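The values are calculated or read from the model by the stated rules, or taken from the named source; none is laboratory data. Computed from a prediction, not measured in an experiment: that's the story for all the values here. Positions of Cβ are generated from backbone atoms using ideal geometry, with glycine treated the same way; all protein chains shown enter the neighbour counts. The protein model used for the area step is the full one, side chains on, heavy atoms only, and it has no ligands, DNA or RNA in it. Shrake-Rupley method; radii C 1.70, N 1.55, O 1.52, S 1.80 Å.
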Amino acid sequence: MPCRLGLIMALLLLVACDLPADAPLDESLQAPGDEVPGDDLLMPEAEEGQGGGFAFDEERLLEGAESLSAQAPPAECVGATEEEASAESHPRILRGLVLAPQGKFARGPHLLELLIPSAHAAALEGELPVANARVALYEGDARGEPVGEPLIETVSDRAGQWCVRLPDGVAFGPQLLLIASAGDHRLRRPVLHAADLDLYSQPEALMRLLIEEGLTLDAISTASYLNLDVMAQSAVDLIEPVRVEGTSGLESLLARLHKTMSEDARLKEAIGRLYAE
(Lines give C-alpha, C1' and ligand atoms only; values in the text may rest on other atoms or scores of the structure.)
Protein backbone atom coordinates (compact mmCIF):
# COMPACT_ATOMS: atom_id res chain seq x y z
CA MET A 1 0.00 0.00 0.00
CA PRO A 2 2.78 2.54 0.82
CA CYS A 3 4.46 1.78 -2.54
CA ARG A 4 1.20 2.31 -4.42
CA LEU A 5 0.60 5.63 -2.67
CA GLY A 6 4.16 6.75 -3.40
CA LEU A 7 3.76 5.93 -7.08
CA ILE A 8 0.53 7.92 -7.26
CA MET A 9 2.19 10.96 -5.67
CA ALA A 10 5.12 10.75 -8.12
CA LEU A 11 2.73 10.65 -11.06
CA LEU A 12 0.88 13.67 -9.68
CA LEU A 13 4.11 15.67 -9.49
CA LEU A 14 5.12 14.74 -13.05
CA VAL A 15 1.72 15.63 -14.47
CA ALA A 16 1.62 18.93 -12.54
CA CYS A 17 4.95 19.98 -14.08
CA ASP A 18 3.57 19.49 -17.62
CA LEU A 19 0.20 21.17 -17.05
CA PRO A 20 -0.46 24.91 -17.41
CA ALA A 21 -0.94 26.72 -14.09
CA ASP A 22 -4.68 27.03 -14.61
CA ALA A 23 -5.33 23.48 -15.93
CA PRO A 24 -7.62 21.29 -13.77
CA LEU A 25 -6.16 18.15 -12.24
CA ASP A 26 -7.33 14.80 -13.55
CA GLU A 27 -9.55 13.40 -10.80
CA SER A 28 -8.41 9.86 -11.69
CA LEU A 29 -4.91 10.79 -10.45
CA GLN A 30 -6.06 11.94 -7.02
CA ALA A 31 -5.51 9.66 -4.11
CA PRO A 32 -8.64 8.59 -2.24
CA GLY A 33 -9.73 11.26 0.26
CA ASP A 34 -7.63 14.04 -1.33
CA GLU A 35 -9.39 17.40 -1.77
CA VAL A 36 -8.81 20.14 -4.29
CA PRO A 37 -7.08 23.09 -2.56
CA GLY A 38 -9.48 25.96 -1.80
CA ASP A 39 -12.47 23.64 -1.83
CA ASP A 40 -13.88 25.21 1.34
CA LEU A 41 -14.68 28.47 -0.52
CA LEU A 42 -16.59 26.75 -3.31
CA MET A 43 -20.22 25.74 -3.55
CA PRO A 44 -21.35 22.36 -4.99
CA GLU A 45 -21.97 22.04 -8.71
CA ALA A 46 -25.09 23.89 -9.81
CA GLU A 47 -28.41 22.12 -10.16
CA GLU A 48 -29.30 20.72 -13.56
CA GLY A 49 -30.57 23.45 -15.86
CA GLN A 50 -28.77 26.20 -13.91
CA GLY A 51 -25.34 25.82 -15.50
CA GLY A 52 -22.40 23.72 -14.43
CA GLY A 53 -19.13 24.48 -12.68
CA PHE A 54 -18.38 26.00 -9.34
CA ALA A 55 -19.15 29.43 -7.87
CA PHE A 56 -17.73 31.33 -4.94
CA ASP A 57 -19.62 30.97 -1.70
CA GLU A 58 -19.88 34.68 -0.88
CA GLU A 59 -21.09 34.04 2.66
CA ARG A 60 -17.98 31.99 3.39
CA LEU A 61 -15.73 34.45 1.59
CA LEU A 62 -17.02 37.46 3.56
CA GLU A 63 -17.37 35.67 6.86
CA GLY A 64 -16.00 37.90 9.60
CA ALA A 65 -15.87 41.01 7.38
CA GLU A 66 -16.96 44.22 9.12
CA SER A 67 -19.53 46.51 7.51
CA LEU A 68 -18.58 50.17 7.89
CA SER A 69 -22.00 51.31 6.71
CA ALA A 70 -23.60 49.27 9.47
CA GLN A 71 -21.37 51.03 12.01
CA ALA A 72 -22.34 54.51 10.82
CA PRO A 73 -25.43 54.51 8.56
CA PRO A 74 -26.55 57.89 7.15
CA ALA A 75 -28.14 60.21 9.66
CA GLU A 76 -31.92 60.47 9.73
CA CYS A 77 -32.90 63.47 7.60
CA VAL A 78 -35.34 65.70 9.49
CA GLY A 79 -38.09 67.21 7.35
CA ALA A 80 -37.33 65.11 4.27
CA THR A 81 -39.38 62.40 2.63
CA GLU A 82 -37.81 58.96 2.28
CA GLU A 83 -37.32 59.58 -1.43
CA GLU A 84 -35.63 62.95 -0.85
CA ALA A 85 -33.34 61.60 1.86
CA SER A 86 -32.25 58.64 -0.25
CA ALA A 87 -31.48 60.72 -3.36
CA GLU A 88 -27.79 60.84 -4.20
CA SER A 89 -28.01 64.60 -4.68
CA HIS A 90 -31.04 66.70 -3.76
CA PRO A 91 -30.93 70.53 -3.97
CA ARG A 92 -32.67 71.02 -0.62
CA ILE A 93 -31.06 68.30 1.47
CA LEU A 94 -28.42 69.66 3.85
CA ARG A 95 -26.08 67.19 5.51
CA GLY A 96 -22.70 67.26 7.19
CA LEU A 97 -20.66 66.58 10.33
CA VAL A 98 -20.05 68.36 13.61
CA LEU A 99 -16.36 68.33 14.54
CA ALA A 100 -14.38 69.78 17.45
CA PRO A 101 -10.97 69.32 19.12
CA GLN A 102 -10.71 65.72 20.29
CA GLY A 103 -14.43 65.40 19.49
CA LYS A 104 -15.32 67.71 22.40
CA PHE A 105 -16.92 71.15 22.59
CA ALA A 106 -15.67 71.99 26.08
CA ARG A 107 -13.32 70.90 28.84
CA GLY A 108 -14.76 69.72 32.11
CA PRO A 109 -17.00 66.93 33.44
CA HIS A 110 -19.63 67.17 30.68
CA LEU A 111 -17.57 66.39 27.59
CA LEU A 112 -19.22 65.20 24.40
CA GLU A 113 -18.20 61.71 23.41
CA LEU A 114 -15.18 61.11 21.19
CA LEU A 115 -16.15 58.45 18.70
CA ILE A 116 -14.05 58.19 15.56
CA PRO A 117 -10.20 58.28 15.67
CA SER A 118 -9.71 60.19 12.42
CA ALA A 119 -10.40 63.74 11.28
CA HIS A 120 -12.59 64.84 8.43
CA ALA A 121 -10.56 66.01 5.43
CA ALA A 122 -11.73 69.64 5.62
CA ALA A 123 -11.17 70.06 9.34
CA LEU A 124 -7.89 70.36 11.22
CA GLU A 125 -6.06 67.24 12.34
CA GLY A 126 -7.39 66.44 15.80
CA GLU A 127 -10.89 67.80 15.12
CA LEU A 128 -13.12 64.76 15.43
CA PRO A 129 -16.85 64.02 15.11
CA VAL A 130 -19.07 65.10 17.99
CA ALA A 131 -22.19 63.17 18.99
CA ASN A 132 -25.42 64.63 20.38
CA ALA A 133 -24.75 68.24 19.38
CA ARG A 134 -27.81 70.32 18.56
CA VAL A 135 -27.73 71.47 14.92
CA ALA A 136 -30.19 74.22 13.94
CA LEU A 137 -30.86 76.30 10.83
CA TYR A 138 -31.64 79.99 11.41
CA GLU A 139 -32.22 83.20 9.57
CA GLY A 140 -29.36 85.38 10.83
CA ASP A 141 -28.87 89.08 11.36
CA ALA A 142 -26.10 91.16 9.82
CA ARG A 143 -23.68 90.25 12.63
CA GLY A 144 -24.11 86.49 12.38
CA GLU A 145 -26.53 86.06 15.26
CA PRO A 146 -29.66 83.90 14.95
CA VAL A 147 -33.00 85.66 14.66
CA GLY A 148 -36.16 84.09 16.07
CA GLU A 149 -36.85 80.38 16.30
CA PRO A 150 -34.92 77.81 14.27
CA LEU A 151 -36.30 77.03 10.83
CA ILE A 152 -35.50 73.35 11.43
CA GLU A 153 -33.25 71.48 13.83
CA THR A 154 -31.82 68.06 14.63
CA VAL A 155 -29.13 66.35 16.75
CA SER A 156 -25.86 64.88 15.46
CA ASP A 157 -25.78 61.08 15.60
CA ARG A 158 -23.19 58.68 17.05
CA ALA A 159 -20.83 59.44 14.15
CA GLY A 160 -21.28 63.22 14.34
CA GLN A 161 -23.54 63.21 11.27
CA TRP A 162 -26.64 65.36 10.82
CA CYS A 163 -29.18 65.94 8.03
CA VAL A 164 -32.11 68.33 7.51
CA ARG A 165 -34.26 69.46 4.60
CA LEU A 166 -34.02 73.14 3.69
CA PRO A 167 -37.58 74.46 4.11
CA ASP A 168 -39.38 75.65 0.97
CA GLY A 169 -38.99 79.37 0.32
CA VAL A 170 -35.67 79.63 2.19
CA ALA A 171 -32.68 80.64 0.05
CA PHE A 172 -28.96 80.03 0.42
CA GLY A 173 -26.80 83.02 1.38
CA PRO A 174 -24.48 84.54 4.01
CA GLN A 175 -27.38 85.30 6.36
CA LEU A 176 -28.70 81.74 6.43
CA LEU A 177 -26.87 80.19 9.37
CA LEU A 178 -26.18 76.67 10.56
CA ILE A 179 -25.32 76.53 14.26
CA ALA A 180 -24.08 73.52 16.20
CA SER A 181 -24.27 74.01 19.95
CA ALA A 182 -23.61 72.24 23.23
CA GLY A 183 -24.09 74.20 26.41
CA ASP A 184 -22.53 77.67 25.99
CA HIS A 185 -20.34 76.60 23.07
CA ARG A 186 -21.31 76.89 19.43
CA LEU A 187 -19.99 76.61 15.88
CA ARG A 188 -21.56 78.65 13.07
CA ARG A 189 -21.28 78.81 9.32
CA PRO A 190 -23.30 80.51 6.58
CA VAL A 191 -25.21 78.19 4.24
CA LEU A 192 -23.81 79.29 0.87
CA HIS A 193 -24.51 76.01 -0.97
CA ALA A 194 -25.31 72.39 -0.15
CA ALA A 195 -21.92 70.87 -0.95
CA ASP A 196 -19.85 71.91 2.10
CA LEU A 197 -21.73 72.13 5.38
CA ASP A 198 -19.53 70.53 8.04
CA LEU A 199 -19.49 72.52 11.27
CA TYR A 200 -15.99 72.94 12.74
CA SER A 201 -13.59 75.62 13.97
CA GLN A 202 -12.38 77.38 10.80
CA PRO A 203 -15.79 78.67 9.55
CA GLU A 204 -16.61 79.95 13.06
CA ALA A 205 -13.22 81.69 13.35
CA LEU A 206 -13.68 83.38 9.96
CA MET A 207 -17.12 84.68 10.89
CA ARG A 208 -15.75 86.11 14.13
CA LEU A 209 -12.90 87.80 12.24
CA LEU A 210 -15.22 89.39 9.67
CA ILE A 211 -17.55 90.78 12.33
CA GLU A 212 -14.58 92.07 14.36
CA GLU A 213 -13.28 93.82 11.23
CA GLY A 214 -16.54 95.73 11.03
CA LEU A 215 -18.06 93.85 8.09
CA THR A 216 -21.69 92.77 8.13
CA LEU A 217 -23.07 89.65 6.48
CA ASP A 218 -25.72 91.60 4.57
CA ALA A 219 -22.92 93.47 2.78
CA ILE A 220 -21.01 90.37 1.63
CA SER A 221 -22.13 88.52 -1.48
CA THR A 222 -22.11 84.73 -1.69
CA ALA A 223 -19.24 84.84 -4.20
CA SER A 224 -17.17 87.11 -1.95
CA TYR A 225 -17.79 84.97 1.12
CA LEU A 226 -16.79 81.81 -0.75
CA ASN A 227 -13.56 83.54 -1.83
CA LEU A 228 -12.80 84.58 1.75
CA ASP A 229 -13.50 81.07 3.00
CA VAL A 230 -11.07 79.49 0.52
CA MET A 231 -8.37 81.99 1.55
CA ALA A 232 -9.01 81.35 5.23
CA GLN A 233 -8.82 77.58 4.78
CA SER A 234 -5.53 77.75 2.90
CA ALA A 235 -4.11 80.19 5.48
CA VAL A 236 -4.64 77.81 8.40
CA ASP A 237 -4.18 74.50 6.53
CA LEU A 238 -1.28 75.18 4.16
CA ILE A 239 0.47 78.53 4.62
CA GLU A 240 0.68 78.69 8.42
CA PRO A 241 -0.82 75.37 9.59
CA VAL A 242 -2.72 75.56 12.87
CA ARG A 243 -2.85 72.33 14.82
CA VAL A 244 -4.97 71.07 17.67
CA GLU A 245 -2.72 71.07 20.72
CA GLY A 246 -3.01 68.35 23.35
CA THR A 247 -6.18 68.74 25.35
CA SER A 248 -6.71 72.43 24.49
CA GLY A 249 -10.38 73.23 24.06
CA LEU A 250 -12.40 74.87 21.33
CA GLU A 251 -11.91 78.48 22.43
CA SER A 252 -8.13 78.06 22.51
CA LEU A 253 -8.18 76.70 18.95
CA LEU A 254 -10.48 79.49 17.75
CA ALA A 255 -8.13 82.12 19.20
CA ARG A 256 -5.14 80.67 17.35
CA LEU A 257 -7.11 80.42 14.10
CA HIS A 258 -8.22 84.04 14.50
CA LYS A 259 -4.61 85.21 14.94
CA THR A 260 -3.37 83.27 11.91
CA MET A 261 -6.18 84.52 9.68
CA SER A 262 -5.82 88.15 10.80
CA GLU A 263 -2.11 88.06 9.89
CA ASP A 264 -2.57 86.44 6.46
CA ALA A 265 -1.68 89.05 3.81
CA ARG A 266 -4.02 87.75 1.11
CA LEU A 267 -7.00 87.56 3.46
CA LYS A 268 -6.31 91.05 4.84
CA GLU A 269 -6.18 92.44 1.31
CA ALA A 270 -9.43 90.70 0.33
CA ILE A 271 -11.19 92.04 3.43
CA GLY A 272 -9.85 95.51 2.66
CA ARG A 273 -11.34 95.39 -0.83
CA LEU A 274 -14.78 94.72 0.63
CA TYR A 275 -14.68 98.07 2.42
CA ALA A 276 -14.29 99.81 -0.94
CA GLU A 277 -17.26 98.09 -2.56
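Quick one: Asp218 ticks every box in (1) of a type outside the set (Phe, Trp, Tyr); (2) surrounded by fewer than 22 Cβ atoms within 10 Å (Cβ to Cβ); (3) closer than 30 Å to Glu84 by Cβ; (4) touching a strand residue (DSSP E or B) at 6+ places or on another chain (Cβ under 7 Å) bar one, so which box is it?
(3)
For the range 125-161, which residues satisfy the criterion of being aliphatic (A, V, I, L, M), under 16 Å from Arg188 (Cα atoms) and in contact (Cβ under 8 Å) with a residue 24 or more places away in the chain?
Correct list: Val130, Ala133, Val135, Ala136, Leu137, Ala142, Ile152.
Counting just the residues of the range 76-89 that are assigned to a loop (DSSP other than H, G, I, E, B) and open to solvent by 50 Å² or more (accessible area, probe 1.4 Å), which one comes out modelled with the lowest pLDDT?
From the range 76-89, those assigned to a loop (DSSP other than H, G, I, E, B) are 76-77, 79-81, 87-89; that's our starting set.
Going one step further and asking which of them are open to solvent by 50 Å² or more (accessible area, probe 1.4 Å), we end up with 76, 79, 81, 88-89.
Working: Glu76: 93, Gly79: 94, Thr81: 95, Glu88: 84, Ser89: 88.
Here the answer is Glu88.
Using the structure shown, decide if Leu62 is more than 25 Å from Val191 (Cα to Cα), at pLDDT below 85, touching a strand residue (DSSP E or B) at 6+ places or on another chain (Cβ under 9 Å) and open to solvent by 70 Å² or more (accessible area, probe 1.4 Å).
It is false that Leu62 is more than 25 Å from Val191 (Cα to Cα), at pLDDT below 85, touching a strand residue (DSSP E or B) at 6+ places or on another chain (Cβ under 9 Å) and open to solvent by 70 Å² or more (accessible area, probe 1.4 Å).
So which residues in the range 157-191 are surrounded by fewer than 23 Cβ atoms within 10 Å (Cβ to Cβ), within 20 Å of the chain's Cα centre (by Cα) and over 16 Å from Glu145 (Cα atoms), if there are any at all?
Within the range 157-191, Asp157, Arg158, Ala159, Gln161, Cys163, Arg165 qualify.
When you go through (1) at pLDDT below 90; (2) of a type in the set (Asp, Glu); (3) within 26 Å of Ala232 (Cβ to Cβ) one by one for Glu113, which number turns out not to apply?
(3)
State all residues of the range 225-243 that are in contact (Cβ under 8 Å) with a residue 40 or more places away in the chain and open to solvent by less than 30 Å² (accessible area, probe 1.4 Å); if no residue qualifies, say none.
Tyr225, Leu228, Val236, Val242 - these are the residues of the range 225-243 that are in contact (Cβ under 8 Å) with a residue 40 or more places away in the chain and open to solvent by less than 30 Å² (accessible area, probe 1.4 Å).
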